[in-house]
Structure formats: C-alpha cells, structure tokens
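*Asks:* Structure provided below as structure tokens; questions to follow.
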There are 4 protein chains.
Amino acid sequence: MCRWLAYSGTPVLLDTILYRPTHSLIDQSRFARLGLETTNGDGFGVGWYTNESSTPALLRDVGPAWNNRNLRELADHVRSPLFFAHIRASTGTAVQQSNCHPFRYGRWMFMHNGAITGFHLMRRDLILLIDPSLFAHLEGTTDSEVMFYLALTYGLDRDPPSAVARMAGEVERVGREHGVEFPLQMTLAITEGEHLWAFRYSTERASRSLFYGSRVEDLRGLHPDVSFLRDISPETRLIVSEPLDNLPGAWNEVPESSYRFVRPGSDELHPFAPAPA
Amino acid sequence: MCRWLAYSGTPVLLDTILYRPTHSLIDQSRFARLGLETTNGDGFGVGWYTNESSTPALLRDVGPAWNNRNLRELADHVRSPLFFAHIRASTGTAVQQSNCHPFRYGRWMFMHNGAITGFHLMRRDLILLIDPSLFAHLEGTTDSEVMFYLALTYGLDRDPPSAVARMAGEVERVGREHGVEFPLQMTLAITEGEHLWAFRYSTERASRSLFYGSRVEDLRGLHPDVSFLRDISPETRLIVSEPLDNLPGAWNEVPESSYRFVRPGSDELHPFAPAPA
Amino acid sequence: MCRWLAYSGTPVLLDTILYRPTHSLIDQSRFARLGLETTNGDGFGVGWYTNESSTPALLRDVGPAWNNRNLRELADHVRSPLFFAHIRASTGTAVQQSNCHPFRYGRWMFMHNGAITGFHLMRRDLILLIDPSLFAHLEGTTDSEVMFYLALTYGLDRDPPSAVARMAGEVERVGREHGVEFPLQMTLAITEGEHLWAFRYSTERASRSLFYGSRVEDLRGLHPDVSFLRDISPETRLIVSEPLDNLPGAWNEVPESSYRFVRPGSDELHPFAPAPA
Amino acid sequence: MCRWLAYSGTPVLLDTILYRPTHSLIDQSRFARLGLETTNGDGFGVGWYTNESSTPALLRDVGPAWNNRNLRELADHVRSPLFFAHIRASTGTAVQQSNCHPFRYGRWMFMHNGAITGFHLMRRDLILLIDPSLFAHLEGTTDSEVMFYLALTYGLDRDPPSAVARMAGEVERVGREHGVEFPLQMTLAITEGEHLWAFRYSTERASRSLFYGSRVEDLRGLHPDVSFLRDISPETRLIVSEPLDNLPGAWNEVPESSYRFVRPGSDELHPFAPAPA
C-alpha cells in the first residue's frame, strides 16, 4: 500500500506540507501508522502546478522519499497552489519511475493507494478496455496506472465521478469473472489543476484510511496560536491518507463509499458507487 | 539501437570478454562504430548460467555500463560457460530495469538490437497476440520484450527458428496493417542454456550488423601468439553486434536474412524468413 | 544504525542465509527489532569470496535491499564459503554507493554498525591519522570507512585485534579532545577471507546488539529436524546484529567489550579494550 | 572532462537554454565536439536561483542528462534568472550525487571543467589547506569540490578573483611538490546569485574551451529574425564550455589565463594568474 496527500489553496513552499508537520508524509515513509505497511520506501512522486504550464510538473524517483536530496531541494524552493505527493509501498510490481505516482495525462493528475486484488490475472482484460488511442501512453505496470487510463477512457475529463464509477464497475466486473471476491480497494486523488476529487471505496467496504482537513476558519477558532493557519486562505484544503499531525479537530474521515469534491466556495461530500461502463 | 554479445564455450571470467578486448562491449558503450548511435548508455544487462540453477542469473541496471561498479565486480569474480551481455540505447521507451536486456523466461534468455518501427501504434495489437498465460510476465514496455513473449507464444521452447519466424511474420503483418512499410529490424540472440541461436533480419533487408567469431582452431593457426586462443576449447563461440578487436580473420558477418545456430560439434548457418503465425 | 551478518563455513547459496530465515536480513531491512531504527533502507552491500580471486566481490547499491532485484538474482545464483551482508540506516551522511558497507582493501573486508558521535567535528582530525599511502583509497564520507582505514593504518593485516584496539583508542582520544563524552559505538566484522573477527564495544558500555550462532553440533542435538543443520559442516558460523530466527538455543550474545574470533577448530571469545595508538 | 553553461539575465524556462539550442548541453552530453570526451554521461546537475530563497536549488543525479525525466520536467516548469548546468565525464572518481556539480555553499555556486593532475597524490595535502570550519561540508571526493572549498577558504565571499587565484596558486604549489609539471587545468563558473565569474586557466597554458555569448544588442543587429533575441533583455548573458549553436557572431572565446566578470551594466574581461595563498 501507499500514502499520499493532496494540497489545494494558498501557494506554499512544498516543504511546509511535505516535511514540516510532525507526522509528515516524509515521516510516514518510514513510520506510517494507519497503513498495512509501516514502510513506504519503494519510490515516491510529487506533482505540482505552476504558472508556467497547464500541465503539472513531476518529480519521481525509485528510492525512498526520506533520503532523497532532490525532493528536499524542491521542497525548499518550489511554491505551488496545488500539488500531490505520494510514497509507494509496492505490492509486487517493479520499483521503477514509470510505476511511481502521481500519473499524468495532459492537465490531469492521478494517484492511488490500494490495489486491484488478482491484478496479474486481470491485467490483460483490463488494459483491453483502455481506449486504443490512449494505449500508447501506458508506461508502467501498475494496477493504478491502468485505473487511471480506464477512468480517462470513461470520460474523466468530462465527469470525473462518473468516469471513476465506471472504472470501478469494470474492475469489479472483470474481477468477478476471474473469481475474485473483493477486487477493488482504493483511495484516489484526481485533479485537472483547479478542482480536486478524492474517492474512498472498496468492494468489501473496508477501505484504506482517508481524511480531509477541516475548514481553515473552524481551525483558526480552535487553534488561534497556530501561525500556519493565519497564513493560509480560507479556501486551503488538504486530503491525506493519514493525518499529518495530532491537531484536535483538524482531520475528518472521508466516509466509506464516498468522495470529496474540493472547489472554491463550498466543498462537497457525495456517495460513491461503481457503475456499469 | 543497442549492442550485444553472446558467449558460449570454455568457462571464463566475464572480464575476459566484457572488458579486456580492445573494442570490448564496455568500450562500445561509449564508442560504438557500427551502430546508429555511438553512445549506448541507457542501461545494460548481463545474464549468465551457473552450476547452481538451470535459470540464468541477471544483473541489470539503468545507468551506463562503462561506470557501473557492480558490473565491474561481477566481471572480476564470476566465471560462466554461457553468457549474454547487452548495452542499451533507448529508442524512446523508458530507461528502467525492466526494459534492460537480456529478458528471461525460465531457462530462456533473449536479447535484441533493433526496433519495431511504429511500435507505439502497434503495441496494443501485438501484446494481444501474446498467450494470455504468459501475459502476466510482461514487466517492461519495450518492443523487444514483446518480441520475446510472441516467440514464446509461438513455441520458442520447441522450435526456436520457427517461433522467431512466426513472431517476425506477425510483426510484419501487424505493421503493414498500420501502414508501416518496414516494420521489423532485428538482430536477436536466444539461448536455453545449451544452444545458441542468433538471427539477423530486417523487413527492408538492411539489417543491423552481426558477426560470429571464427572457429578457434582456425584462429590458432592464424594467431599462434594469442594466448587466449590457447586457453579456450575448440567449441568456444562468440556472436557480437560489432567485432571486439581487429584480429584479422576473427570475425565473419552473419548474412542478411539468416541465423546462426551454435551447438557442440558443428555450427550452422541457415536462411531466415518470416512465416505466418 | 545498521544491521549486518557474517557467514563462514559450508559454501551455501547466499539466498539460504540472506532471504530464507524468518527474520532474515532482508526482513530486518524493513522490520528490525533490536536496532534504533526499524527501517534500514539507505543502501546495502554484500561481499563474498570465491575461488576466482583472493579479493572478495562486492555488490552494493543505494536503494533498499528489500526491493533490489540484482541482490535477489545473486542470492539465487552465487555460492560462497564466506560472506558479509549489510543494510544501512544512514545517520546523516550521503546515501551513495561509496558509503555502503562492506568496505574492502585488498583481501580485507570490513563492516560496521554504530557511529562515531560528533564525527562531523572530528572527521578532519581522524582522517589525518590515516597513513598517507592509504589516503587515496578513501572513497566515501562515513565514519565507518575512516575506522577501517585507521585500523589498516594501525596494522590490521598483522594483528587485527590490536589494530582495532588502537583505532578505537584514537577515536576516543580525539573525541574527548572535542568534548564528546561517549565517542564510539561499534559492532564490527572483519575478515581477510579465512578468519573472522567480530567486535562489540562502546565507550559508554551500552553497545549495539551482537550475536553469534551456537555450534552446529550443539544445534543438531537440540533440533534434529532442522534440515539446514544437517547440510552444513560443524565449522559453519554466523555472527549477526540480531537473530535471524527464533530457534531456541541458536543465538548467544557477544558480551560487552569483547570480540569473537572465528577460525577452523575452536572459536574464541576475548575481552576488548581500546589501546593507545 | 565535462561541459557546463551559466545563464544570467531575463528569467527563462530552463528548457529554452538546456534543450532547445541545436547543440544544447543535452546534445553535448552525447555528442560534445570540443572536449576530450564526446560522452558526458557520468551524472549532471542544475542549480537555479528563485525568489523563494537566497540559496540556489539543486537537481543532481548520477545517470546521464540525456535520458533523465526529472530534468526534462524541471526544464519545462522552472523559470529562473540565473542558473548553472553541468554534465559530467568522470576522470575516475565515483559517479555519485555528491560528486555532481554545481556545488553549493550558502548563496554560492561553483562548477568546473578540468582536473587537478595527480589529484589522488595531492588530495590529502590539499584538503588539509581547507579551513577546518568548512571541512565538515565536504561531501564528495572530486578535485572540483576541493577547489571550491579552497576558494572559500581564501575568501571567495569577499573577493572571488583573488580567492580563485590563491586556490590555483596552492594547487600548483602542492602539485610541484609532488613532481607534477602541469597540475591545474580549469574552466570555472562561480556565482553568489547576482554576479557571475568565469575563469579559464591551465598551468600549461592550454586550457579547455570556454566561450561567452555576444551582447544581445549586437546579436539582434546581426540576426533580426531570431525571436529569442527579441524576448530577452540586453543584460542577458551566457558562458559555455562550447557553443550551443552555429549562430555567426554569437560566441567569443574567453582568452587563456583570463576571467570574465558578468554584472548588470558592462561585462569585463580580466587577466588571471595564480597567486600565493
């Protein structure tokens, strides 16, 4: 399994979110608490939007995040209003850059914690469902990347929740055909550079942990002494695999079978269910 | 493109063949003469058979061969009667371990210099031709690995020349369907640990260079002062992308559209032509 | 801190010792129990002796051992009568191949778990003590490598316990000059390819864990059903940072301030104390 | 040897300078024309200043620049008014991140093409000349890094040309003591984030190539159709190991034994000679 975080809001140095919190993602790379694995050392990735391009920039590498100097450098020098970060614990597929999250297609970024159970059996059937025009973009060998390209196939750029629902539906259908009882386990983050969608779902209704940060204004009332909260706009949002600190009132579980939609104004929580393709 | 060598015969330290010749494969990694590229620095691999296992051991890494210390160490300490070595110049696919040659399946090893022209267009069609039971073994994203699994699909373990012919036939058929005039360019080495097959073929009949070493006994007559020739058995054989030295009489071009079959006793040269699958 | 093991005895596939035990070194790379860190993912190394050379071969890399495919390959194909393996948890120095243990000088190998406290302050003074003729061999930036070259300076190839004692004495002397109360913390393994010395010492007499395996004949009596014990000679020995399994009676703590000397015939346990240089 | 470039002026995407020119530094990593080596594939580095920090950011890695995806990503997304880029061809020292240029100390960056002849003999003597307070910052094993710390020792932050002259003087003095006739060969670039100094010198007065770009206004007159020239300010400057393109009139050789000083207003060319420390 893996750990990830998605940030949206006031442009901050990546360091502020990636390294500074007491139980930061970097800390989680060695000492994760809520995952199946304490160690997430099989590669990492950061993807961030800048003013220079509509497509996000990616830094991905195959070693652990905790000792990577290039990540440390970027964190100290890059400021972004919207970024994803991911640390990987391989469930068996190769530790290579093309298997590191986030994945990117045009403006879109995608990252995942979870697994398709029995993926090695279903891989052929699943990649056949990917639109042939997208097929040449497949670069790695993970279930996660296949999920991304299936979602793209089913209209991610028009209606992300519907595309993810159809992707999940197809994974479950193909899984059942291969005799897998609980094919899908996922927490997903998706963005096109403006909005953010975060999904929590598993066939067996026992999904990996996922949390969203409380509203900045509420947190300021609870913690008037936390300076970081004064520096960020009310629209700032975090969604994380596990909480970055122990700040009371800061973290809220995304319910089973639901997704969080983050956008300027009010965020939304919606139910999520797989759908036929 | 790439460069490779295949050795079979008297067990030697890998160093003897990989580093010692004046225009060794390590030298070719920076200064290749007969390839499209002078630099072959996008990863490398060595596969060798030992007494410990029927499957060959692999050392593969993503950096250049010329500065790799682990390769240097192995070359100084590992002795083998049959080994492959390959240096890669990527034609665009990712530089990652799973894209480094040689590829292995059970006892079989496979390495390649060349390309399927338009592979990104044909990749989906070609991998669909791979036997579903083999599909889960695909780990990388190269045309070369797909060629290997196609050959396995078409009976590599029963009749290698026929399997390679059918693989080549299918690549050309699918290429033509995608409007590619000259889909296939290949020099291939294949072994199961005892015999060695080396193919030279391209659709346009302008194949990459491929040479086989002269018979040891003939070379001894020509070069009575070369001590290496006295140390190896008459059955020792080398097949290489380009000659390892300038020894007169040592290297012979494998003709266009043919393959070399190396086995104890007499080697053979046969014509090669793609065949329907 | 780090974890290591040293094996001497019946030639075995590295796999037998590195991967097979229930709490193997590979397992310890993610789930160490007795170290300061549970994760030892900052590089690894294996050094083994063969019949091909009096110098040992090294495979070292900067990623974690647990996902390294080249290590997995070697473990399946290399057999050796004497080998060292080490997994690193950096105490701050760079994660680079030249900082990975074991270190080698001619026939000698050296690996270490521990640290020189305040090394960054003492480094200049300590490397000045290295014999100038050895200086050019320093390749990395660890305290461990400096300890090795100091021991070489003080006669490692003539009298290892004395050389290590003088090295430890100098580290403590220089440490005290810099106001460090407890400068040295070490468990060391050293070999020249025939004998094995393993030291456990710390200035504060609270040394990292170190264990030696019980005599094979004693273990056979205790565990007549363990087939591995029947396959190895009575002279086979293991020394480890932490036990590789829970086999009752198999592991014995090396006492504080002592060293174990392993050689054909009887092993010996001796007291260890730093000495003036 | 190596190749490098230093850019100062209108903030541009790194891509504009690193990848776009016909004979860009990326092209030079495989096809250098003026160096001793055509291939510069033993690691690379980029250092750039941003508004976020007075210290530059570094991206350095051990593989070749030409296939590095993280470099490609940064080049597409990072804009900077002042950056260094370097591609390395090792003269024997290890290929590791800590040996990749540029080196950094606080606000200062330093990169080098050349070598100290006989460095392995002089290394001990030279590092002893480094100010002990700087010593702990030494991370790698190159002659280049030692030159940087010697220059820092001799007052780089007060008077760069004088500090470099004293460094060069000491290298030559120590070299002569070791019987080396021509100890120093260097082209150096140094900056503190505002000004830029580029030195060309060798003991034997046969220095590696070094060029500075012509004044933007002069080039605009010569090449009114080159759009890039219209987009950059008159203060924009480039200094390079070898020209990035064949634009007539664009490149001027830095004379032997001189240095170029780039600052807002007028650039300057000064003679350079080693000085006693």
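The values are calculated or read from the model by the stated rules, or taken from the named source; none is laboratory data. For clarity, every value in this text was computed on a predicted model and none was experimentally measured. Glycine also receives a Cβ, built like all others from the backbone with ideal geometry; neighbour counts cover every protein chain displayed.
*Asks:* Consider B:Pro274 carefully, then state whether it is touching a helix residue (DSSP H, G or I) at 6+ places or on another chain (Cβ under 6 Å) and at negative phi.
*Replies:* Yes.
*Asks:* Look through region C:15-50, keep the residues that are part of a helix (DSSP H, G or I) and more than 10 Å from every other protein chain (Cβ to nearest Cβ), and return whichever of them is surrounded by the most Cβ atoms within 10 Å (Cβ to Cβ).
*Replies:* C:Gln28
*Asks:* In region D:95-122, which residues are closer than 27 Å to B:Gly63 by Cβ and of a type in the set (Phe, Trp, Tyr)?
*Replies:* Hits for region D:95-122 are D:Phe103, D:Phe110, D:Phe119.
*Asks:* Now for a separate question. Against the conditions (1) without any contact (Cβ under 8 Å) to a residue 12 or more places away in the chain; (2) within 14 Å of chain D (Cβ to nearest Cβ), where does A:Asp61 fall short? Just the number, please.
*Replies:* (1)
*Asks:* Give region D:149-176 a look and list any residue that's aromatic (Phe, Trp, Tyr) and within 13 Å of chain C (Cβ to nearest Cβ), or say none.
*Replies:* D:Tyr149
*Asks:* Collect the residues in region B:232-256 that are more than 19 Å from the chain's Cα centre (by Cα) and of a type outside the set (Gly, Ala, Ser), keeping them in residue-number order.
*Replies:* B:Ile232, B:Pro234, B:Glu235, B:Asn246, B:Leu247, B:Pro248
*Asks:* I would also like to ask the following. Any residue at all in region C:174-193 that is hydroxyl-bearing (Ser, Thr, Tyr), in contact (Cβ under 8 Å) with a residue 24 or more places away in the chain and crowded, with 24+ Cβ neighbours inside 10 Å?
*Replies:* yes
*Asks:* Could you look through region B:257-277, keep only residues that are surrounded by 14 or more Cβ atoms within 10 Å (Cβ to Cβ), more than 16 Å from the chain's Cα centre (by Cα) and of a type in the set (D, E, K, R), and pick out the one that is nearest to B:Arg208 (Cα to Cα)?
*Replies:* Of everything passing the filter in region B:257-277, B:Asp267 is nearest to B:Arg208 (Cα to Cα).
*Asks:* Right, here's the next one. Among the numbered criteria (1) within 14 Å of another protein chain (Cβ to nearest Cβ); (2) touching a helix residue (DSSP H, G or I) at 6+ places or on another chain (Cβ under 7 Å); (3) surrounded by fewer than 22 Cβ atoms within 10 Å (Cβ to Cβ), which one does D:Val146 miss?
*Replies:* (3)
*Asks:* Is at least one residue of region D:66-79 part of a loop (DSSP other than H, G, I, E, B), under 18 Å from the mean Cα position of the chain (by Cα) and among the β-branched types (Val, Ile, Thr)?
*Replies:* Looking for residues that are part of a loop (DSSP other than H, G, I, E, B), under 18 Å from the mean Cα position of the chain (by Cα) and among the β-branched types (Val, Ile, Thr), one finds none in region D:66-79, hence no.
*Asks:* Of C:Val171, C:Val226, which residue is closer than 30 Å to C:Arg124 by Cα and hydrophobic (A, V, I, L, M, F, W, C)?
*Replies:* It is C:Val171.
*Asks:* Which condition from (1) of a type outside the set (Lys, Arg); (2) crowded, with 22+ Cβ neighbours inside 10 Å; (3) under 30 Å from B:His101 (Cβ atoms) is the one that C:Ser53 breaks?
*Replies:* For C:Ser53, the failing item is (2).
*Asks:* Let me ask something else about it. Name the single residue that is surrounded by the most Cβ atoms within 10 Å (Cβ to Cβ) among those in region A:60-118 being under 30 Å from A:Gly155 (Cβ atoms) and among the charged types (D, E, K, R).
*Replies:* Result: A:Arg88.
*Asks:* Same structure, new question: Of everything in region C:124-143, what is within 11 Å of chain D (Cβ to nearest Cβ), touching a Ser or Thr at 6+ places or on another chain (Cβ under 6 Å) and not aliphatic (A, V, I, L, M)? Give them in sequence order.
*Replies:* C:Asp131, C:Glu139, C:Gly140, C:Thr141
*Asks:* Moving on. Among the numbered criteria (1) more than 8 Å from chain B (Cβ to nearest Cβ); (2) touching a residue at least 60 places away in the same chain (Cβ under 8 Å); (3) not in a strand (DSSP E or B), which single criterion is violated by C:Phe83?
*Replies:* (3)
*Asks:* Select, from D:Ser54, D:Ser90, the only residue that is more than 10 Å from chain A (Cβ to nearest Cβ), at pLDDT below 95 and within 23 Å of B:Phe44 (Cα to Cα).
*Replies:* So the residue among D:Ser54, D:Ser90 that is more than 10 Å from chain A (Cβ to nearest Cβ), at pLDDT below 95 and within 23 Å of B:Phe44 (Cα to Cα) is D:Ser90.
*Asks:* Determine whether A:Ser98 is under 19 Å from D:Asp76 (Cβ atoms) and facing chain B (nearest Cβ under 9 Å).
*Replies:* Judged against the criteria, A:Ser98 is a match.
*Asks:* If you check A:Val164 against the conditions, is it aliphatic (A, V, I, L, M), within 21 Å of A:Phe83 (Cβ to Cβ) and surrounded by 24 or more Cβ atoms within 10 Å (Cβ to Cβ)?
*Replies:* yes
*Asks:* So, C:Arg166, is that one of a type in the set (Lys, Arg), farther than 23 Å from C:Arg88 by Cα and without any contact (Cβ under 8 Å) to a residue 24 or more places away in the chain or not?
*Replies:* no
*Asks:* For residues that are loosely packed, with under 14 Cβ neighbours inside 10 Å and touching a Ser or Thr at 6+ places or on another chain (Cβ under 9 Å), scanning just region B:223-244, find the one that is modelled with the lowest pLDDT.
*Replies:* Among them, the one singled out is B:Asp231.
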